1. Considering E238, E205, which residue is within 29 Å of E142 (Cβ to Cβ) and touching a Pro at 6+ places or on another chain (Cβ under 7 Å)?
2. Can you pull out the strands (runs of 3 or more DSSP E) entirely within region 1-87 that have at least 3 residues that are out of contact with any Ser or Thr (no Cβ under 8 Å at 6 or more places or on another chain) and at pLDDT 95 or above?
3. Does region 175-193 hold any residues that are within 26 Å of the chain's Cα centre (by Cα) and not in a loop (DSSP other than H, G, I, E, B), and which are they?
4. If you scan region 16-35, which residues turn out to be closer than 21 Å to I60 by Cβ and touching a helix residue (DSSP H, G or I) at 6+ places or on another chain (Cβ under 9 Å)?
5. Would you point out the residue of region 166-200, among those that are of a type in the set (D, E, K, R) and in contact with a Ser or Thr (Cβ under 9 Å, 6 or more places away or on another chain), that is farthest from V240 (Cα to Cα)?
6. Would you be able to say whether some residue in region 161-171 is touching a helix residue (DSSP H, G or I) at 6+ places or on another chain (Cβ under 9 Å) and over 19 Å from A73 (Cβ atoms)?
Amino acid sequence: MERSEPIRTLVVDDEPLAREGLVALLTHDPDLEVMHPCANGQDAVDRIKRERPSLVLLDIQMPEMNGFEVLEAIGPNQMPQVVFVTAYDRFAVRAFDVHAVDYLLKPYDDVRLWAAIARAKKAICAPDDAALAHRLERLLDEQTGARLAEKGNRDYRRRFLIKTGDKSIVVSVDQIDWIEAADYYVRLHVGSRRYIHRISMTQLEQELDPTHFHRVHRSSIVNLNRVREVQPYFKGDEVVVLLDGRTTLQMSRSRRAGFLAALGHR
């Protein structure tokens, strides 16, 4: 491998044994500088943005934020070389083959691992960032489409039962303007009122009808019926302005296309 410095490599997996085992194997390769691993998707997003590894081995099935959501949060154009690690069956992994994205299918053996690493090294030494971004974008589009199709056959949440003091109140989803992440809770914004509910943003997103609610940022979901306009913000970013004219929500670039498509179908 014609490369003067080692390849900074990040392992992302929520299973401790799988994570530690993969790190132990990778440390045997002198071409790799194995970073301290990540145990969840949000930590992975922060580390990738901050420390810029050249290679990421990314588990798909993780709670709170899965591997595809990590890819969406980083953006296909900013994502380093990636090898997806997945327990999907042979039919589901066809998407990776179609888009020429490398993956390890659990349980994998050492031969398959080192073959994937060898291909990653070759790609890193002769990068084609545009081609990688295109493949990742197509993969993400396909997964998003499949997720929405699955949601189309589901019964969505219609109301919340919110405990306030010694009583509980019912909040209809139609009353909600937008939803804000608050650690392991969410904050429901209903006019001038705020309600705290214990549920993760990822789980809640799956329970809401995507034709009415859309996640515009990792920390916010908006009711499409409450959107007034989209405005330019800073360095190419945009914000979503709600009907009151005062509430503005930052929009992730990676979520822009999906949001505008959902808004356009209202």
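The values are calculated or read from the model by the stated rules, or taken from the named source; none is laboratory data. Source: prediction; values computed, not measured. Cβ sites come from the backbone with ideal geometry, for glycine too, and all protein chains shown count toward neighbours.
1. E238
2. Values: elements: 7-12, 32-34, 55-59, 81-86.
Fully inside region 1-87 and qualifying: 7-12.
3. Hits for region 175-193 are W178, I179, E180, A181, A182, Y185, V186, R187, L188, H189.
4. L22, L25, L26, V34, M35
5. Ranking the qualifying residues of region 166-200, first place goes to E180.
6. no
One line per residue, one yes/no per condition, for (1) on the phi < 0 side of the Ramachandran plot; (2) in contact with a strand residue (DSSP E or B) (Cβ under 7 Å, 6 or more places away or on another chain); (3) surrounded by 14 or more Cβ atoms within 10 Å (Cβ to Cβ):
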position	(1), (2), (3)
V190	yes, yes, yes
L204	yes, yes, yes
H212	yes, yes, yes
S219	yes, yes, yes
E229	yes, yes, no
R253	yes, no, no
A257	yes, no, no
L263	yes, yes, yes
